[in-house]
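Here the structure is laid out as structure tokens; the discussion comes afterwards.
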Amino acid sequence: YRSKYPYSELHLTIKRRLLYLVFGIITFLISYYGGSSIHMSSSEVNELKTRFMDQIKDIDQIGIFINNAKIALGMFVPLLGVGLGIFSGFSTGMVFNAIAATSANLNDMSPLLILITPFGLMEIVAYGLAISRSGILFYSLLKRKYWREYLLSTLVEIGVVVILLLSGAIIEWEMITRLNGLSDTRFSI
């Protein structure tokens with residue numbers, strides 16, 4: 001079957017894919033904001049911050065990339081990836097909350113402001129892409145559509161996510177090293 005108007009079908013497909021991407025981004029942002037809004041006791045704040053700081057103690061741009069890529073690649077799994085994206089956003093928000101509660105630099109800052117940094121925007125788009133693809137793949141499995149038709153587009157999106165996260169990790173590391181005195185408040189999504 002070929003349409004008389006292949007351009008309009010492609011245009012509709014791109015518009016629909018961008019809409020799904022927006023839903024993926026919104027899903028991550030809502031879960032992130034939810035995690036950042038959780039009230040924690042001072043002992044919970046200190047424990048969470050200590051565990052996080054221990055995790056990133058010797059991290060560099062490659063470590064940031066590997067950490068973020070493992071999470072994002074897991075988000076491509078049909079349906080489970082959506083849950084992983086929500087969990088990742090929520091826990092990241094909780095970590096930001098713990099760091100902000102003990103940092104004069106971040107205490108009065110909106111938790112969403114960290115996400116408008118260049119690396120934050122790249123990571124949000126990457127996570128939104130992965131979360132939305134997970135939903136698309138799950139829907140195609142439910143409808144028993146020929147899932148292999150999504151293979152190429154999924155592989156392309158995985159490549160885009162890897163490039164975004166690698167670029168974001170390099171930028172984030174540069175920002176961390178340039179803001180030398182603020183390295184105790186560094187934060188990776």
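The values are calculated or read from the model by the stated rules, or taken from the named source; none is laboratory data. Keep in mind that this is a model prediction, so the values were computed, not measured. Cβ: placed from backbone, ideal geometry, glycine included. Neighbour counts: every protein chain shown. Areas reflect the complete protein model, heavy atoms only, side chains present, ligands, DNA and RNA absent. Shrake-Rupley method; radii C 1.70, N 1.55, O 1.52, S 1.80 Å.
I need the full set of residues from segment 151-189 which are modelled with pLDDT of 80 or more and either among the charged types (D, E, K, R) or outside any helix (DSSP H, G or I) (or both), in order please. Don't jump to the end; show me each part of the working.
Taking segment 151-189 first, the residues modelled with pLDDT of 80 or more are 151-178.
Passing the criteria: GLU157, GLU172, GLU174, ARG178.
Being in a helix (DSSP H, G or I), under 20 Å from the mean Cα position of the chain (by Cα) and at pLDDT below 95 is a description that applies to GLY63.
Would you check if there is a residue in segment 141-150 being in a helix (DSSP H, G or I), modelled with pLDDT of 85 or more and open to solvent by less than 20 Å² (accessible area, probe 1.4 Å)? Steps first, answer last, please.
From segment 141-150, those in a helix (DSSP H, G or I) are 141-142, 147-150; that's our starting set.
Next, from what is left, pick out any that are modelled with pLDDT of 85 or more: 141-142.
Next, only the ones that are open to solvent by less than 20 Å² (accessible area, probe 1.4 Å) stay: none.
No, that holds for no residue.
Selection of first residues in segment 15-30 that are farther than 19 Å from THR92 by Cα and of second residues that are hydroxyl-bearing (Ser, Thr, Tyr), restricted to Cβ pairs under 6 Å at least 6 apart or on distinct chains, gives the following pairs, ordered by first then second residue: TYR20/SER132; LEU21/SER132.
Every residue in segment 55-85 that is closer than 29 Å to LYS143 by Cβ and open to solvent by 70 Å² or more (accessible area, probe 1.4 Å), please.
Residues of segment 55-85 that are closer than 29 Å to LYS143 by Cβ, as a first pass: 71-85.
Residues satisfying the conditions are LEU73, LEU79, LEU80.
Can you tell which of LEU84, LEU73, LEU48 is hydrophobic (A, V, I, L, M, F, W, C), touching a Gly at 6+ places or on another chain (Cβ under 6 Å) and in a helix (DSSP H, G or I)? Let's see the steps before the verdict.
Details: LEU73 fails: touching a Gly at 6+ places or on another chain (Cβ under 6 Å); LEU48 fails: touching a Gly at 6+ places or on another chain (Cβ under 6 Å).
LEU84 is the lone residue from the list that is hydrophobic (A, V, I, L, M, F, W, C), touching a Gly at 6+ places or on another chain (Cβ under 6 Å) and in a helix (DSSP H, G or I).
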